[in-house]
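Following: one structure in structure tokens, then a few remarks.
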Amino acid sequence: MRAVPDGRDEAELLELEVDVIHGLTARDGQGPPTLRDGKLTAVFAWTPRARILALASGVPHPSAPVPAQDMAHPSAPAQGTAPPTGPARNTAHATGPAQNTAPPTARTQNPAEQPYAPATPPNVLLQLCERLGREPEAVEGGPCFVFPPSPADAPAATVPDAAGVGVIVSDPPGRAAARRLARPGNWEPGEWDELTRGVLGEWAMAVHGGGPVSICFSPARNDRAAEAGIWTRPDFRGRRIAPAVVAAWAERERRTKQVLFYSTTTDNLASRSVARTLGLTPLGWIWTLR
């Protein structure tokens, strides 16, 4: 077993987080899991000791042989590739032997062979970009973290008194209070109603002047795990409010979930600072290809 410092298995955690965020179907034999997220072509997530590749249905594995008609036009989309709703094929497992017969490039390699380079777009997705005729900018990613497994080790953070805000959570009094708040402009009326009623999972809010100034909720979750989503109003950022709201969310969500995750993007330094302030355990990086 390859474990994070608290002893949990990295490969299991990594696959669970990708499943929570993007949805995975079970592996078919030795092939990679299939994405249920219709907005993505592929996901590659890795840690120093584990990695997982997931492909949309019908997307060929980057190391699968390229059809002869495509070898004359290596930058064109692969012929015979089914739309996302079609059957998967040409899906060798990410750690299986590479069988690429396309013209060699610097990035053509088995994804299991590339040394872990967390902040660098992984070769396997760049290779897939080349095969499908996509630009490298279609690859995006960022770090992911896991909350400590024990409530005794859970992150603790409080809102500084100088911030002048209070925190409510998704218990019955908090839900009643939230329904009296002004809806933030970045929430649609229906979504806001579902959030405040608890339909979208647990949440915590920092409140000031009759409206929320920071919200942590569960944008992605399943029976076992939940992913934190955090928003803070621009004029209230930098006051250490977000860490307190995330900690309050985790306390609520921990009652019914075995694992809690937090992920962000490469350039979202404020969000990465929240994870650092809370002392969350770095797990790895998740990269996507749209």
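The values are calculated or read from the model by the stated rules, or taken from the named source; none is laboratory data. Since we're looking at a predicted model, the values are computed, not measured. So basically every Cβ, Gly included, is an ideal-geometry build from the backbone, and we count neighbours across all protein chains shown.
Before moving on, here are some points about what is shown:
- Subset of segment 230-264 [touching a Ser or Thr at 6+ places or on another chain (Cβ under 7 Å) and free of Cβ contacts under 8 Å to residues at least 40 places away in the same chain]: THR232, ALA242
- Among the conditions (1) surrounded by fewer than 13 Cβ atoms within 10 Å (Cβ to Cβ); (2) in contact with a helix residue (DSSP H, G or I) (Cβ under 8 Å, 6 or more places away or on another chain); (3) outside the structural domain of ARG51 (by TED's automatic domain parsing), PRO136 misses just one, which is (3).
- When restricted to residues that are closer than 20 Å to ILE21 by Cβ and in a loop (DSSP other than H, G, I, E, B), segment 222-263 contains 7.
- The set of residues in segment 45-57 that are free of Cβ contacts under 8 Å to residues at least 40 places away in the same chain and buried (at least 20 other Cβ atoms within 10 Å of the Cβ) comprises ALA54, LEU55, ALA56.
- Against the test of being at pLDDT below 95 and either within 19 Å of the chain's Cα centre (by Cα) or not in a loop (DSSP other than H, G, I, E, B) (or both), the options THR288, THR266 yield a single qualifying residue, THR266.
- Any hit, segment 200-218, residues being touching a helix residue (DSSP H, G or I) at 6+ places or on another chain (Cβ under 9 Å), modelled with pLDDT under 95 and not in a strand (DSSP E or B): yes
- Which listed residue is surrounded by fewer than 17 Cβ atoms within 10 Å (Cβ to Cβ) and at pLDDT 90 or above, from THR158, THR120: THR120
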